[in-house]
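Reviewing the structure listed below.
Just so it is clear, none of the values below were taken in a lab; they were calculated from the coordinates. Every value quoted in this text rests on a predicted model; they were computed, and no experiment measured them. So basically every Cβ, Gly included, is an ideal-geometry build from the backbone, and we count neighbours across all protein chains shown.
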Amino acid sequence: MVRDPVMKLEGFAAVVFGACVLGLSAIFVKLATAGGATSTTVGFYRMLFALPGVYLLARRRGGLGARGGRPWGLLAGSALFLDLWLWHAAMHETTAANATLLVSGLAPVWVALFAVSVLHLRYDALAWLGQALGIGGALILALAKGARGGTGRGELLAIIASVCYAAFTLALKRARRTLQAEQALFWMTAGCWLCFLPVVLATGAPLSGYTAQAWWSLLGLGVIVHIVGWWSASWGLGHTSAALGAIALQGQQVATLFLASWLLAEPIKPLGLLGAALIVGGIVLVARNRDS
């Protein structure tokens, strides 16, 4: 429990700021792919551009961390690779907002179900209501013609990606038992890049010939989103309660929804807003149980 109210407030603010920065991720991906990058090369360059920065952050924390935590960091990176690959592909088929809402909104649901079935944690009635709300919101986004961005294929890919994101969350949490946030971030980034590298080479995806807009977007993903956004959110989560942190992280979904409308001219649909509200409301209820 966080006892210092000042640190709790600062931690909450850091998570909100980090979540809003993470909300730029989908925008940068859309701009990069419009400029010639592919689903794989976006992830490849994001990790490549982030690696020097996260390495320096890890070294400042006293090195690359305990050997026991490194495999879990690499495993988290492998799960993140699958998540990003599927999420990038999903955004070719649907809106940036829908893809992001489904991935980041459903992942906590899968994590909670894992906690109940494997770790034998107990949830009260409101927490189970939260699970139902989250799944209901996802179904609206994926199936309702007034909410989905296309045929529904993009939403299906995003739902699969959310399972991978849940696995990433669990592996990263395990890595954090013995690694500092900066050290875990380095190993996660390195693991993710090592997965993207052979896929890029095997598929012959173009590594150059992009527009200036695409290069700036890839740099933004690696430096602004991956380093600044993740570091701020990770630091803040260590200085605030789990419930407040989970609520604050939903700023990513809200930020993506409105940034995509502003920067990408994606329409905000009433059913889409309903689905988003159900997902966020569900996470708030589940997070409340975790601190009880």
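Structure summary
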read-out: Extension gain, ARG153 back to ASP124 (0.36 nm per residue minus Cα-Cα distance, nm); value: 7.0 nm
read-out: Förster radius 25 Å - calculated FRET efficiency between ARG60 and ARG177, Cβ distance, rounded to 0.05; value: 0.75
read-out: Segment ALA132-GLN213, extension gain: residue separation times 0.36 nm, minus the distance between their alpha carbons; value: 25.1 nm
read-out: Order of LEU221, LEU194 under a 10 Å beta carbon neighbour criterion, fewest first; value: LEU194, LEU221
read-out: Proxy reagent accessibility, fewest Cβ within 10 Å first, across HIS226, HIS239; value: HIS239, HIS226
read-out: Zone residues, the stretch 25-63, relative to ALA202, backbone N less than 20 Å from point 7 Å out along Cα-to-Cβ; value: 38-48
read-out: Relative exposure of GLU182, GLU10, judged by other C-beta atoms within 10 Å (fewest first); value: GLU10, GLU182
read-out: Estimated distance in nm for a label pair at ALA13 and VAL284, the labels positioned 7 Å out from Cα along Cα-to-Cβ; value: 2.3
read-out: 14 Å beta-carbon shell around PRO52, net charge (K/R +1, D/E -1); value: +2
read-out: Local electrostatic count at ALA171 - Lys and Arg +1, Asp and Glu -1, tallied over other residues with Cβ under 15 Å; value: +4
